[in-house]
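Structure first, then comments.
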2 protein chains.
Amino acid sequence: MKNIAIAVHGGAGQDSEFIRMNQIAYKAGLVKAVNTGYETLKQGGSALDAVENAVRLMEDNPIFNSARGSALNAKGEVEMDASIMDGSKHSAGAVSIVRNVKNPVTLARFIMENTSHVFISGYGALEIAKENNLELEVDSYFITEHRVDELIKERMDDTDDIKRKRKNGTVGAVALDNAGNIAAATSTGGTSNCLSGRIGDSCIIGAGCFANNSSCAVSGTGDGELLITNVIAHSIAFYMELKNCSVQEACDYVIHQRNKDVEGDIGVIALDAMGNFGISYNSQRMLRAWKMNEEIVTVKIYK
Amino acid sequence: MKNIAIAVHGGAGQDSEFIRMNQIAYKAGLVKAVNTGYETLKQGGSALDAVENAVRLMEDNPIFNSARGSALNAKGEVEMDASIMDGSKHSAGAVSIVRNVKNPVTLARFIMENTSHVFISGYGALEIAKENNLELEVDSYFITEHRVDELIKERMDDTDDIKRKRKNGTVGAVALDNAGNIAAATSTGGTSNCLSGRIGDSCIIGAGCFANNSSCAVSGTGDGELLITNVIAHSIAFYMELKNCSVQEACDYVIHQRNKDVEGDIGVIALDAMGNFGISYNSQRMLRAWKMNEEIVTVKIYK
């Protein structure tokens with residue numbers, strides 16, 4: 001039997017009282033996502049199916065910052081970004097600042113598979129979801145008490161805008177199927193109290209999502225702007241391709257060497273087509289879980 | 001005296017009767033953009049100023065597909081993308097699907113320099129332009145007769161959506177200033193008859209724009225979806241960084257080797273911090289011009 005494997009993350013960043021108090025719920029959510037994706041792979045599903053299913057589960061879980069439970073922007077609105085990439089075909093789909101779509105990752109996949117485009121934003125993306133009967137939800141579905149409290153605290157914070165550590169968060173998954181194909185997916189509700197229209201790394205192919213069978217699949221998290229300007233996900237895959245090193249070495253090089261001086265949080269989960277994981281982050285915590293073949297799920301929040 | 005240099009492009013793609021008939025106007029527009037950017041550099045302006053000024057000139061010129069003269073989407077609307085990156089600070093700004101902003105590249109720079117974000121889309125980006133008194137224009141300012149004719153022809157074309165060669169186009173610039181800093185900027189009106197909300201490579205850091213003093217500045221053009229999934233601009237810069245090769249070798253590797261099998265058009269202009277240019281494209285034409293120190297401008301459309 002060939003290797004099958006999946007890893008998920010629920011965001012990298014600063015530690016918080018909320019996370020410490022809700023460790024059980026976070027770990028349960030991560031394990032459920034891994035097991036769901038793994039079950040897809042075990043039943044012969046593709047890596048693409050597995051990452052989509054795992055991310056959908058976290059999008060539906062209000063404890064994570066994606067879809068239901070999304071961070072609120074400065075206007076108190078939910079604007080969601082997501083992306084997915086198929087390492088076998090080197091094709092991708094992405095959406096940004098979408099509203100009311102229950103599962104942005106599924107819309108990203110729909111765009112990848114049914115249009116000649118990769119990336120569709122805003123009302124155009126919502127129209128595609130409506131015309132093709134993807135599940136929609138009312139605004140209130142996405143908004144949780146925790147995110148409202150977070151926004152209120154952010155608004156009271158008078159730290160200089162540039163220096164302020166915003167609460168962010170992301171979910172993502174990487175998977176390997178029994179045909180030897182890999183895929184990655186990432187989804188986010190963005191950053192609390194950000195400007196309306198702000199797009200982070202989660203929908204940017206090369207920044208928060210990348211997959212190529214010949215190197216690896218990567219899902220990123222952390223301070224989105226840093227992942228964009230440093231093109232984190234592609235750096236890992238391309239470093240691995242050019243240096244012919246392991247996926248863990250590529251992750252460590254990009255996070256701990258090339259970008260060791262960045263002021264902010266970066267974290268990644270990665271997986272190659274042999275089933276080797278790469279996990280690196282420079283932050284206080286990264287919510288993560290992974291499973292290969294019939295091993296027990298490993299789940300961690302801190303070191 | 002240290003080297004100063006600038007290159008601009010006005011898009012890579014298939015040849016067309018319109019381009020053949022308007023070679024003089026295209027070449028004049030490219031030369032004017034190079035000379036304007038060069039004058040900025042000569043007067044001690046930064047590479048960032050030079051690329052912004054050169055791109056603004058092409059945005060204002062209705063013959064190019066950016067700002068005035070933008071391609072029209074399937075609804076007959078103008079939605080513009082742009083980005084800018086400072087190779088000295090490794091900071092970037094980008095906007096997507098903006099309307100009514102006379103110079104999207106200037107809005108991208110404003111976001112880079114005045115917000116904690118990199119990338120802002122749609123109405124949020126327009127709000128920033130309005131609140132900060134950036135120049136706005138009415139819808140009709142952006143729409144030219146040529147682009148209306150193009151959309152009508154596209155709508156009559158019953159070629160399968162995936163196979164159809166859409167008319168696209170971009171403008172971009174890379175520059176080196178006398179402080180030894182490099183920068184890149186890219187701007188586009190998108191693709192004729194595309195879906196509303198479609199985002200191309202021109203606003204994606206890593207795809208259609210990238211700059212890092214330690215490697216090179218790159219502005220890309222061609223089929224946006226291919227530049228996104230193959231992370232073209234970052235591939236060139238990172239290959240140069242890891243292989244310690246020339247910028248021309250890096251461009252040739254990425255366009256003619258790594259991506260030799262892609263079905264579509266890709267073109268790039270690049271420049272390193274010593275003043276070496278890299279120019280590669282796989283298409284029938286790429287509108288381009290460049291100038292270093294007091295040399296005469298070189299301007300080309302075909303090989």
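On the beta carbon distance between residue A:130 and residue B:132, with R0 = 25 Å, the FRET formula returns roughly 0.15. Across peptide A:226-237, the average count of Cβ atoms from other chains found within 10 Å of a residue's Cβ is 5. For chain A, the membrane-span-like helices by this rule, meaning whole DSSP H stretches whose C-alpha atoms cover at least 18 Å of axis and whose Kyte-Doolittle mean is -0.5 or above, are A:23-42, A:47-60; this says nothing about an actual membrane.
Taken along the Cα-to-beta-carbon direction at a fixed 7 Å, the label points for residue B:28 and residue B:302 span 2.2 nm. Across peptide A:108-118, the average count of Cβ atoms from other chains found within 10 Å of a residue's Cβ is 4. The distance linking segment A:195-229 with segment A:59-105 is 12 Å (Cα centroid to Cα centroid, whole angstrom). According to the Kirkwood relation over distinct C-alpha pairs, the hydrodynamic radius of chain B is 18.4 Å.
Couplings for segment A:4-13, taken from phi via the Karplus curve 6.51 cos²θ - 1.76 cosθ + 1.60 with θ = phi - 60°, read 10, 7, 8, 10, 10, 9, x, x, 10, x Hz in order; Gly and Pro are left as x.
In nanometers and ordered shortest first, the copy-to-copy spacing of the residue B:60 label point, defined 7 Å from Cα toward Cβ, is 5.5. Less than 5 angstrom separates the built amide H of residue B:212 from those of B:217, all sequence-distant by 5 or more or on a different chain. With the simple model of a label 7 Å out from the Cα in the direction of the Cβ, residue B:43 to residue B:148 spans 3.7 nm. Label-point distances for residue A:260 to the equivalent site in the other copies, using a point 7 angstrom along Cα→C-beta, read 3.8 nm when ranked shortest first. The contact between chain A and chain B removes approximately 3700 Å² from the accessible area (both sides summed; 1.4 Å probe; ligands, DNA and RNA excluded).
Here the extension length gained between residue B:157 and residue B:75 equals 28.0 nm, from 0.36 nm per residue of separation less the Cα-Cα distance. Pairs from the list B:75/B:300; B:27/B:153; B:32/B:260; A:260/A:303; B:2/B:291 with a Cα-Cα gap above 22 Å: B:75/B:300; B:27/B:153; B:32/B:260.
Residues whose amide H falls under 5 Å from that of residue B:198, counting only those 5 or more places apart or on a different chain, are A:121, with hydrogens built in the peptide plane.
Set the Förster distance to 22 Å, then compute FRET efficiency between residue B:243 and residue A:276 from the Cβ-Cβ distance, nearest 0.05. Once rounded, the FRET efficiency stands at 0.35. Sequentially through segment A:66-74, phi angles give Karplus couplings (6.51, -1.76, 1.60; θ = phi - 60°) of 6, 6, 5, x, 4, 4, 9, 6, 4 Hz, Gly and Pro residues having no value and appearing as x. Using the rule -39500 (n - 2.57) for each DSSP H run of four or more residues, divided by the residues of the protein assembly as shown, the 222 nm mean residue ellipticity is -9500 deg cm²/dmol. To the nearest 0.05, what FRET efficiency results for residue A:293 and residue B:114 with a Förster distance of 35 Å applied to their C-beta separation? Calculated transfer efficiency: 0.10. Structural descriptor for chain A: relative contact order 25 percent, calculated from alpha carbon pairs under 8 angstrom and at least 6 residues apart. Averaged over its residues, segment A:1-145 has an accessible area of 37 Å² per residue, based on protein heavy atoms and a 1.4 Å probe.
Copy-to-copy label distances for residue A:130, where each label lies 7 Å from Cα along Cα-to-Cβ, are 2.1 nm in order of increasing length. A simple packing score, the average count of other Cβ atoms within 10 Å per residue, orders the peptides A:119-130, B:15-26 as A:119-130, B:15-26, with the highest score first. Amide H to amide H, with H built 1.01 Å from N, residue A:79 comes under 5 Å of A:73, counting only residues 5 or more places away or on other chains.
The values are calculated or read from the model by the stated rules, or taken from the named source; none is laboratory data. Just so it is clear, the model here is predicted, and its values are computed rather than measured. In this analysis, Cβ positions are derived from the backbone assuming ideal geometry, glycine residues included, and neighbour counts consider all displayed protein chains. Note: accessible area is taken over every heavy atom of the protein model, side chains too, but ligands, DNA and RNA are not part of it. Shrake-Rupley method; radii C 1.70, N 1.55, O 1.52, S 1.80 Å.
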